[in-house]
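A quick write-up on the structure given underneath.
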There are 2 protein chains.
Amino acid sequence: MKSDAVGPPAHKYLVVAAQLEQQIQQGLLQTGQKLPSVRTLSQEMKLSISTILQAYYALESRGLVEAQPQSGYYVRGEHRASALPGRPAPHRVPAVPREEDVDSLLAQVFEQVATPDRLLFSQGGPSPALLPITKLNKALLQAQRELPHAGTSYEPLQGNLLLRRQIARYALFWGSTLTHEDLVTTEGCTSALAFCLTAVTKPGDTIAVESPVYFGVLQLALSLGLQLLELPTDPVTGVDLVALAQHLEQGQVQACLFTPNFSNPIGCCMPDEHKQQLVHLLEHYQVPLIEDDLFGDLHFGAHRPKPCKAYDRQGWVLWCSSVSKTLAPGYRVGWVAPGHYLEAVLRLKKCRAGRSPALTQQAVGNFLATGRYELHLRRLRQTLALNCARYQQTILASFPPDTKVSQPLGGFLLWVELNREIDTTQFYHALLDHQIVIAPGRLFSIQPQYTHCLRLSYGLPFDERVEQSLQLMGRLLKDRMPEPELYPEATLVIEA
Amino acid sequence: MKSDAVGPPAHKYLVVAAQLEQQIQQGLLQTGQKLPSVRTLSQEMKLSISTILQAYYALESRGLVEAQPQSGYYVRGEHRASALPGRPAPHRVPAVPREEDVDSLLAQVFEQVATPDRLLFSQGGPSPALLPITKLNKALLQAQRELPHAGTSYEPLQGNLLLRRQIARYALFWGSTLTHEDLVTTEGCTSALAFCLTAVTKPGDTIAVESPVYFGVLQLALSLGLQLLELPTDPVTGVDLVALAQHLEQGQVQACLFTPNFSNPIGCCMPDEHKQQLVHLLEHYQVPLIEDDLFGDLHFGAHRPKPCKAYDRQGWVLWCSSVSKTLAPGYRVGWVAPGHYLEAVLRLKKCRAGRSPALTQQAVGNFLATGRYELHLRRLRQTLALNCARYQQTILASFPPDTKVSQPLGGFLLWVELNREIDTTQFYHALLDHQIVIAPGRLFSIQPQYTHCLRLSYGLPFDERVEQSLQLMGRLLKDRMPEPELYPEATLVIEA
């Protein structure tokens with residue numbers, strides 16, 4: 001770390017932690033060795049006591065050092081990442097960008113058409129039963145009446161004005177200062193992400209993503225000729241900022257694409273102070289963050305978590321979202337606030353897609369304008385929170401005892417980590433016979449990992465059939481479990 | 001030409017013509033020199049008399065050789081391209097791919113918002129008065145009733161089934177054998193072109209385009225890091241196939257993007273036999289053709305001109321179109337039949353845009369299913385043909401005498417070539433004071449050419465205001481004309 005490379009206070013400690021971690025990994029600080037006292041290091045590095053303390057806390061929470069009362073911090077013998085009961089452990093992923101073809105599996109899983117026969121736990125969206133269809137229909141008719149020439153004419157390139165104003169209004173909830181002029185509408189969040197990633201990278205660049213990560217992000221990045229850095233991601237607090245800081249310091253990352261609020265599939269929600277640190281870190285290295293905030297409105301707690309965009313002072317954050325997970329997947333209404341990449345994103349929209357459809361944008365604008373959206377969201381969130389708890393309960397009661405399941409505080413998705421001997425791709429195929437479709441873990445990395453994990457959506461209403469299907473999955477999994485005499489029953493690692 | 005490089009009969013003559021043209025350009029065949037007799041060359045090249053004759057005709061029509069009765073073919077002294085009265089001459093463009101920033105002009109021209117005050121001759125689309133809005137509204141309501149969950153659910157990735165079936169049905173008119181399984185729906189024709197070009201090229205590749213060419217194609221190609229080969233284009237018969245054959249033979253072209261039916265801006269329509277030759281030529285070199293058939297339904301003659309796709313036996317043609325120029329620009333409903341690039345295009349659609357909006361697709365499907373589309377098209381075509389004639393008449397009567405204007409047999413667009421001393425970018429700015437917006441010629445090439453040309457849409461109904469505005473343009477142009485004593489009045493070159 002060069003001292004002149006240390007920027008705003010919010011992320012200083014990350015750079016210190018990154019340096020200490022490097023020393024531990026290189027063996028300069030060895031197992032059992034005591035770290036310099038906080039005061040000493042503070043004086044040596046000309047940094048405040050609290051910055052050094054934050055760095056030590058960061059290393060401690062990542063399992064690299066441990067505090068001994070009345071003594072100080074020591075390097076841990078076993079650099080094991082923390083794991084909470086029933087939650088997957090954070091994954092330390094070898095950050096070697098590598099391509100591999102899982103297209104065929106992906107296509108199979110998502111070509112499973114929804115029929116009354118089939119239970120699609122694989123879909124990451126709301127059941128139609130949860131959507132305000134009658135009121136949306138009215139909003140569409142209103143759009144048809146209001147729009148010039150009943151919506152047959154082109155919209156402004158930047159998108160429908162009513163919709164952009166309403167998005168800006170809703171963003172006030174998280175303290176945004178965005179106006180309609182900062183926003184560009186897109187065909188769902190997918191094309192927002194695609195325009196952003198195209199705007200901020202060139203082929204051969206490396207982008208940092210969470211791990212496990214939404215397969216759509218992998219596919220998009222590979223289709224743009226990008227390398228992927230899959231960062232270790234804590235199931236509660238999200239991306240490991242110290243690891244990111246290390247790669248940024250080495251100039252290895254040209255852009256980040258994260259889902260800080262209720263990531264897909266692991267469901268983590270980055271704490272506010274992490275978001276602020278992340279934004280400052282990226283400002284310092286002048287690296288853009290594409291923020292997928294698709295699930296942000298689906299918080300189970302009282303308040304909507306802020307997106308990183310709330311801390312963006314310099315325009316490095318490209319905030320992307322849509323109503324596809326909350327209101328109307330089939331409308332394909334999304335948007336982006338691209339910060340200082342506004343012109344670049346608009347240019348791409350112009351030549352790669354053109355104007356957005358008028359009617360569906362105006363209909364969503366109308367729906368938001370009435371205030372019905374907040375009411376609808378409140379109900380949707382309650383249902384999802386309840387669903388989530390019931391799904392979790394059933395899984396913990398029915399699945400083998402060493403199963404770990406994520407504890408998301410919002411969104412649609414559960415991430416389930418099974419015994420390492422279980423291959424969830426095989427399990428996926430076996431479940432098809434029972435008309436059950438899951439998303440196998442292999443899809444969520446470019447590397448051959450997470451093969452013992454799976455993603456389940458709890459967007460489907462929790463009814464008898466869902467309950468029985470989860471119980472059936474549990475029985476089938478127990479049949480697949482390795483012999484108990486050969487493999488001792490796993491115990492859950494419990495840490496504070 | 002290697003004799004084994006000669007493929008199916010339909011394009012053999014092109015390769016012969018390409019070889020002879022090269023000899024003329026290199027001075028191996030000199031001005032006034034007699035070409036070998038048709039019989040001699042036929043024996044030498046082991047090709048039929050008619051193939052050699054076709055090659056000589058091709059060179060003759062391009063102004064490179066001339067026939068002398070009872071004698072034979074001679075190299076012309078002046079390799080002047082043919083020009084018909086009142087039509088722009090074909091442009092021989094130096095094929096040096098080069099990027100240049102005309103973005104700012106482009107943005108200015110197309111940010112001119114339609115107001116009652118402003119006459120947008122710049123827009124290449126139908127006036128709302130020409131659209132069947134009431135019937136479309138009904139088709140949309142029907143879609144809302146019919147679709148599962150009122151269109152809030154995702155469509156299949158390939159697109160709405162009803163729409164794809166109807167497109168396949170309408171394609172029967174030009175002898176297509178396409179089915180719904182060959183089609184992918186897209187957000188207007190723009191994203192169809194974008195997916196296709198992304199699927200068939202990689203950055204650094206060269207694509208062949210018409211010249212002048214639609215600025216959207218230029219922007220798209222540059223945004224993908226492609227080089228552009230602007231091919232000489234005849235205002236009547238389209239792209240110079242001999243020139244294309246030369247570049248293909250030299251391996252310089254990785255893909256073609258043409259608008260064979262009523263190209264934008266020049267309005268040429270490739271004759272059927274050219275289309276067939278083009279497809280065979282590309283099959284021979286295994287080079288894909290992205291066919292923009294946006295205007296194909298807007299023919300003034302009795303029959304819809306076939307697209308090149310009609311001659312595609314091997315899947316090298318990616319046929320793109322939409323209803324944006326015929327039915328509802330603001331619906332953004334387009335499609336592509338990508339031939340053997342189907343999988344590649346679907347992959348791109350999946351990761352860069354996702355599913356298409358359900359409601360507008362189903363509405364267009366409904367509209368097509370009733371047979372109203374054909375009735376609507378008939379009226380629209382009649383109106384446009386009449387508009388076209390009136391616009392042309394007024395221009396020829398009002399503009400300076402050396403003005404040349406295209407004679408399109410379909411579509412929306414007139415291409416007007418003025419005296420070379422006129423700068424249409426300056427003229428564009430001057431016209432803004434009169435609330436008239438035109439598209440200056442500079443936008444239609446990456447090279448600094450066509451600066452004395454302009455594109456006018458005749459999609460606006462021909463009323464008194466349009467007539468007076470065209471007359472005003474004529475007066476303003478005459479004021480800008482160079483002094484008559486310095487510049488002799490131009491005479492029109494008339495050739496058979």
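Read-outs throughout are calculated quantities, based only on the coordinates presented, and are distinct from any laboratory measurement. Small disclaimer: the values here were computed from a predicted structure and weren't measured. Quick reminder, even Gly has a Cβ in these numbers, built from the backbone with ideal geometry, and neighbours come from all protein chains shown.
So the values come out like this:
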| item | result |
| --- | --- |
| Cα gyration tensor shape of region B:341-409, rounded if a/c is under 1.5, else prolate or oblate by comparing a/b with b/c | oblate |
| DSSP H segments from chain B that extend 30 Å or more along their own axis, Cα-based, with Kyte-Doolittle mean of -1.0 or above | B:372-398 |
| Of all DSSP beta bridges in region B:161-271, antiparallel share, percent nearest 5 | 25 percent |
| Region B:253-316-region B:148-188 distance, computed between alpha-carbon centres (Å) | 21 Å |
| Within region A:133-373, percent of DSSP bridges classed antiparallel, to nearest 5 | 40 percent |
| Per-residue [θ]222 nm for chain A (sum of -39500 (n - 2.57) over DSSP H runs n ≥ 4, rounded to 500) | -12000 deg cm²/dmol |
| Amide hydrogen neighbours beyond the local backbone of B:Leu35, cut-off 5 Å, H modeled | B:Tyr73, B:Tyr74, B:Val75 |
| Cα gyration tensor shape for region B:243-384, rounded if a/c is under 1.5, else prolate or oblate | oblate |
| Antiparallel bridges, percent of DSSP beta bridges restricted to chain A (to nearest 5) | 60 percent |
| Cα centroid separation, region A:388-415 to region B:405-476 (Å) | 65 Å |
| Lys, Arg +1 and Asp, Glu -1 on Cβ, resulting dipole of chain A about Cα centre, debye, nearest 20 | 1520 debye |
| Span from the region A:351-383 Cα centroid across to the region B:318-380 one, whole angstrom | 24 Å |
| Shape parameters for region A:3-75, alpha-carbon atoms, Rg then Dmax in Å | 11.6, 34 |
| Peptide-level mean, for A:181-188, of C-beta atoms on other protein chains within 10 Å | 2 |
| Shielding of A:355-366 by partner chains, average beta-carbon count, 10 Å | 4 |
| Whole-number percent relative contact order across region A:241-358, with pairs defined as alpha carbons under 8 Å at least 6 apart | 20 percent |
| Relative contact order for chain B, counting Cα pairs under 8 Å that sit 6 or more residues apart, in percent | 20 percent |
| Summed residue charge, Cβ within 9 Å of A:Lys306's Cβ, Lys/Arg positive, Asp/Glu negative | +2 |
| Gyration tensor verdict on the protein assembly as shown (Cα atoms; rounded if a/c is under 1.5, prolate if a/b is larger than b/c, oblate otherwise) | prolate |
| Sorted by Cβ neighbour density within 10 Å, fewest at the top, the residues B:His452, B:His299 | B:His452, B:His299 |
